[in-house]
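**Student:** Okay, here's the structure, questions in a sec.
The values are calculated or read from the model by the stated rules, or taken from the named source; none is laboratory data. Being a predicted model, the structure only gives us computed values, none of them experimental. Reconstructed Cβ throughout: ideal geometry from the backbone, glycine too, with neighbour counts over all protein chains shown. Accessible surface areas use protein heavy atoms only, side chains included; no ligands, DNA or RNA. Shrake-Rupley method; radii C 1.70, N 1.55, O 1.52, S 1.80 Å.
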2 protein chains.
Amino acid sequence: MHRHEGHDACPGDAVDMLARAESLCRERGLQFTPLRRDVLEVVAASGKAQGAYDIAERLSVPGKRVAPVSVYRALDFLMEQGLVHRIASRNAFIPCAHVHAPGEGVIFLICRTCGGVDEESSQDLESGLGRTLERAGFTPAHSILEVEGDCGLCRDRKQAS
Amino acid sequence: MHRHEGHDACPGDAVDMLARAESLCRERGLQFTPLRRDVLEVVAASGKAQGAYDIAERLSVPGKRVAPVSVYRALDFLMEQGLVHRIASRNAFIPCAHVHAPGEGVIFLICRTCGGVDEESSQDLESGLGRTLERAGFTPAHSILEVEGDCGLCRDRKQAS
DNA sequence: GGCGGCGGTGATACACTGTAACACTCGCGC
DNA sequence: GCGCGAGTGTTACAGTGTATCACCGCCGCC
Ligand SMILES: [Zn+2]
Ligand SMILES: [Zn+2]
Ligand SMILES: [Zn+2]
Ligand SMILES: [Zn+2]
């Protein structure tokens with residue numbers, strides 16, 4: 001699912017993200033403005049989930065402040081377009097390089113050591129959840145599945161020491 | 001899983017909760033103080049998830065204010081003892097009448113119409129998640145699974161109208 | 001009795017997260 | 001030119017959660 005066996009910051013990925021986002025917006029007739037581009041770049045360049053206020057601070061330079069509210073608006077847009085995800089348990093945002101089917105479930109694996117977030121999807125798990133919901137008589141609209149723990153890299157690093 | 005085919009407020013449940021909490025604290029040599037009792041009572045008496053500030057307001061009477069910070073401390077205690085759960089997607093808390101095995105996964109079904117929260121567990125789903133995590137080389141410590149949608153009662157109510 | 005520690009609570013202040021409201025600009029079609 | 005809509009800047013505010021200190025009651029110890 002992740003090309004690099006981990007979730008390190010890959011500068012190349014950020015460039016890919018921006019190019020993909022631009023063409024995707026052009027296709028849909030939407031504006032990929034400088035602010036939206038900058039916000040996506042910050043989210044994509046860091047290997048870990050970024051908070052909105054962190055992004056705002058990161059984009060601010062002396063004399064030119066970017067307010068958090070502007071960042072939130074850009075993030076709302078990027079989420080609608082499926083370019084970023086929100087990690088509810090962290091109040092933070094990660095880039096998404098995938099194309100998700102509507103209603104497709106996604107699992108976020110959040111490393112508590114390095115802060116990296118990996119994104120998985122599992123048809124197996126999805127169907128299990130569907131059965132459980134049906135048994136409970138519940139009609140799902142939207143679901144959150146976030147797992148916190150240690151990623152493979154951090155686990156190995158701990159064992160070595 | 002839920003005795004009443006839904007998640008209405010059941011005054012009897014609240015009484016049961018308090019009795020169980022008291023005996024549980026006595027067993028563990030912990031204090032079930034009046035504040036902790038009151039907070040649990042408010043959480044248990046309402047059929048829906050309660051925010052910490054709501055609880056504080058509910059417990060406040062003219063001349064005797066309960067500060068949110070006190071409520072948070074009581075909720076921390078109650079969560080440690082497994083008497084309440086936190087619903088991350090709502091920043092709210094629900095009572096728990098179950099006994100959970102350590103590491104057992106729980107699914108919260110949150111009705112966006114009536115605000116009720118049902119709690120399910122599924123061994124089936126659990127094992128599917130375990131396989132997915134193993135495949136990704138991830139060691140889980142803690143997971144959140146929350147589904148928002150319509151409960152059976154609200155769905156029927158909508159169809160009738 | 002005095003005394004110190006400890007858990008729980010009260011109270012204030014603060015940090016972090018997110019939204020509402022309003023004004024302004026820019027580009028585009030009429 | 002003019003109106004309109006989308007995007008942004010700015011301010012203020014609401015909601016959620018934590019840090020810190022002080023106080024109190026209890027219990028064990030000297
Ligand atoms: Zn994704
Ligand atoms: Zn890691
Ligand atoms: Zn439970
Ligand atoms: Zn309902």
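**Student:** Check each of the GluC sites (Glu not before Pro) in region B:101-161 and keep only those in coil by DSSP with at most 14 other C-beta atoms within 10 angstrom; list them in order.
**Tutor:** Counting only loop positions with at most 14 other Cβ atoms within 10 Å, the GluC sites (Glu not before Pro) in region B:101-161 are B:Glu104.
**Student:** Please list, ordered by chain and number, the residues whose modelled amide H lies under 5 Å from the amide H of B:Ser143; skip anything fewer than 5 residues away on the same chain.
**Tutor:** Here A:Glu148 satisfy the definition.
**Student:** To continue, here is another question. Angle between the Cα long axis of helix A:11-28 and the longest principal axis of chain A, 0 to 90 degrees, nearest 10?
**Tutor:** On a 0 to 90 degree scale, this one is about 90.
**Student:** Another question, then. Starting from the Cα of B:Val61, step 7 Å toward the Cβ, then list every residue of region B:22-43 with an amide N under 18 Å from that point.
**Tutor:** B:34-43
**Student:** Using modelled amide H (1.01 Å from N, peptide plane; none on Pro or chain starts), what sits under 5 Å from the amide H of A:Thr113, excluding residues fewer than 5 places away?
**Tutor:** Amide H neighbours of A:Thr113, under 5 Å, 5+ apart: A:Cys151.
**Student:** Could I ask something else about it? Tell me: how much accessible area in total is hidden between A and B, 1.4 Å probe, Å², nearest 100?
**Tutor:** Using a 1.4 Å probe, the pair buries roughly 2800 Å².
**Student:** What order do A:Leu59, A:Leu109 take when sorted by accessible area (1.4 Å probe), most exposed first?
**Tutor:** Highest to lowest solvent-accessible surface, that is A:Leu59, A:Leu109.
**Student:** Would you mind telling me the antiparallel percentage of the DSSP bridges in region B:106-160, rounded to 5?
**Tutor:** Here the share of antiparallel DSSP bridges comes out near 50 percent.
**Student:** Same structure again: Taking only protein heavy atoms and a 1.4 Å probe, what accessible area per residue, in Å², does chain A have with all protein chains in place?
**Tutor:** 55 Å²
**Student:** Then there is this: Which lysines, if any, have their Cα less than 26 Å from the Cα of B:Lys64, not counting same-chain residues under 8 positions apart?
**Tutor:** Once the sequence-local lysines are set aside, what remains near B:Lys64 is B:Lys48.
**Student:** Along region A:34-51, what does the Karplus equation 6.51 cos²θ - 1.76 cosθ + 1.60 (θ = phi - 60°) give for ³J(HN,Hα), rounded to whole Hz, x for Gly and Pro?
**Tutor:** My calculation for region A:34-51 gives x, 4, 4, 5, 4, 4, 4, 5, 4, 5, 7, 6, 8, x, 10, 5, 10, x Hz in order.
**Student:** Turning to a different aspect of this structure: What are the residues whose amide H is under 5 Å from the amide H of A:Ile87, where those residues sit 5 or more places off or on another chain and H is modelled from the backbone?
**Tutor:** For A:Ile87, whose amide H was placed from the backbone, the distant partners under 5 Å are A:Ala92, A:Phe93, A:Ile94.
**Student:** Put a dot 7 Å past each Cα toward the Cβ at B:Ser161 and B:Ala88; how far apart are the dots in nm?
**Tutor:** 3.2 nm
**Student:** Quote to one decimal, in nm, the extra length available between B:His142 and B:Asp76 on full extension: 0.36 nm per residue of separation minus the C-alpha distance between them.
**Tutor:** Computed gain between B:His142 and B:Asp76 is 22.1 nm.
**Student:** On to the next question. Report the gain in length on full extension from A:Arg135 to A:His100: 0.36 nm times residue separation, minus Cα-Cα distance, nm rounded to one decimal.
**Tutor:** 10.0 nm
**Student:** Within 10 Å of each Cβ in peptide A:130-137, how many partner chain Cβ atoms are there on average? Round it to a whole number, please.
**Tutor:** Per residue, the number of nearby Cβ atoms from other chains is 6 on average.
**Student:** Right, another one. Through the Karplus equation 6.51 cos²θ - 1.76 cosθ + 1.60, θ set to phi - 60°, convert the phi angles of region B:104-120 into ³J(HN,Hα) values in whole Hz; use x for Gly and Pro.
**Tutor:** So the J values, rounded to whole Hz, are 5, x, 10, 10, 9, 9, 9, 7, 7, 8, 9, x, x, 10, 10, 10, 10.
**Student:** For an R0 of 41 angstrom, estimate the FRET efficiency from the Cβ-Cβ distance between B:Thr113 and A:Glu22 and round to the nearest 0.05.
**Tutor:** 0.55
**Student:** What's the angle, to the nearest 10 degrees (0 to 90), between helix A:68-80's Cα axis and the longest principal axis of chain A?
**Tutor:** Long axis of A:68-80 versus the principal axis of chain A: about 50 degrees.
**Student:** Let me ask something else about it. May I ask you to order B:79-89, A:64-74 by the average number of other C-beta atoms within 10 Å around their residues, highest value first?
**Tutor:** B:79-89, A:64-74
**Student:** Take every DSSP beta bridge whose two residues both sit in chain B, then give the antiparallel share in percent to the nearest 5.
**Tutor:** Rounded to the nearest five, the antiparallel share is 75 percent.
**Student:** Counting only other chains, and only Cβ atoms inside 10 Å, what mean value do you get across the residues of B:148-156?
**Tutor:** For peptide B:148-156, the averaged partner shielding equals 4.
**Student:** Here's a follow-up. Just checking the output field for B:116-125: average partner chain Cβ neighbours within 10 Å of each residue's Cβ?
**Tutor:** Neighbouring Cβ atoms belonging to other protein chains average 4 per residue here.
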